[in-house]
1. List pairs: first residue in segment 161-186 and among the aromatic types (Phe, Trp, Tyr), second residue part of a strand (DSSP E or B) anywhere in the structure, Cβ distance under 9 angstrom, at least six positions apart or on different chains.
2. Restricting to segment 128-170, name every residue that is within 16 Å of Asn197 (Cβ to Cβ), outside any loop (DSSP other than H, G, I, E, B) and open to solvent by 40 Å² or more (accessible area, probe 1.4 Å).
3. Filter segment 224-249 down to the residues that are farther than 20 Å from Lys148 by Cα, of a type outside the set (S, T, N, Q) and over 24 Å from the mean Cα position of the chain (by Cα) and list them by number.
4. Taking Val259 as meeting all but one of (1) farther than 22 Å from Asn106 by Cβ; (2) open to solvent by 30 Å² or more (accessible area, probe 1.4 Å); (3) of a type in the set (A, V, I, L, M), write down the number of the exception.
5. What tally of residues in segment 258-295 results from selecting those that are more than 14 Å from the chain's Cα centre (by Cα) and either of a type in the set (S, T, N, Q) or in a loop (DSSP other than H, G, I, E, B) (or both)?
Amino acid sequence: MTLRSPSLVELHAFVAVARSGSFRKAADSLHVTQAAVSRAVLRLEEQLGVDVLTRSGAGVRLTDAGAQLLRRVEKPLAALEQAAAELQRRPDRLRLRLSVVTSLGNLWLLPRLEDFRARHPEVGLEFRQYHHDEDFQREDVDLWIALKPRRGRAWPRQVAAQYLVGREIVAVCAPAIGERIRSAGDLVRQPLLYHSNYPDNWALWAQAVGVQLPLDWRGTGFDLVMNLIDAARGGMGVAVVQKCMVEGDLAAGRLAMPVAGTASTGRGYFLCRRRALGAHPAAERFSEWVMQQAAGSEN
């Protein structure tokens, strides 16, 4: 099939110039440069083999061929714009269904969501239960914020994953404990708290700050990050935990970070979507916003 019609870019440029009588005004209305509008109209004229505009120092005006073209394309172009706007306003395209790791959702994402709602009141959010054995085949979820697969496993082929936040770990404790810690050596002699799925995090942190863990250290393990943080707040000892999870506690003074060193686990949380999701305005708006939030959190 041979296409003989001009592109929409060229037709939009022509109609904008015809309506305004000015390349500059047309460029302003289309949010592009005047040169881009001029080039688009020239391409249109070359493809049609006729001049659609006459240019002079007094401005531009339609030729007879241009007037005929305008009559034929103005309404169809307006109909296309209306159809696109109506599709973008479809309720299912402005509804976003999220599945988020529980600890990250409660401690990092939820405190920020009011900012997203204020910026995008048109988007409705619905949260779905997060599954740790997620295969990303579910049709009731548009975006996931998920843990990176364990070492040796890759993301499923049908998933596009982008790193978000959570690689950096820090050592935190109640302020009263922090007051008596003067060095990393002091810190590792305190009762140590850790996530039971990642007991090696203490070794990673100690190596990063240049301190030796006690050979016989045992510590207390917790299988939920929220419980680990609660224990640190309550004065049970020093916890090594992802920095993003304790931003609010550090800012509010509920926790202290007596030693400034950080370590990278190489894991973290990723923003995931099915490659077959297609155009989804709500997902695009949320993705852009949450990546900006993560960038600020990592700095």
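The values are calculated or read from the model by the stated rules, or taken from the named source; none is laboratory data. Just so we're clear, the structure is a prediction, and the values are computed from it rather than from any experiment. Ideal geometry is used to build each Cβ from the backbone, glycine not excepted, and the neighbour counts take in all protein chains shown. Remember, those area values only see protein heavy atoms, side chains included, never the ligands or the DNA or RNA. Shrake-Rupley method; radii C 1.70, N 1.55, O 1.52, S 1.80 Å.
1. Once the first residue is among the aromatic types (Phe, Trp, Tyr) and sits in segment 161-186, its partners that are part of a strand (DSSP E or B) give Tyr163/Tyr269; Tyr163/Phe270; Tyr163/Leu271.
2. Hit for segment 128-170 is Leu147, nothing else.
3. Within segment 224-249, Leu228, Ile229, Asp230, Ala231, Ala232, Arg233, Gly234, Gly235, Met236, Gly237, Val238, Ala239 meet the criteria.
4. (2)
5. Number of matching residues: 12.
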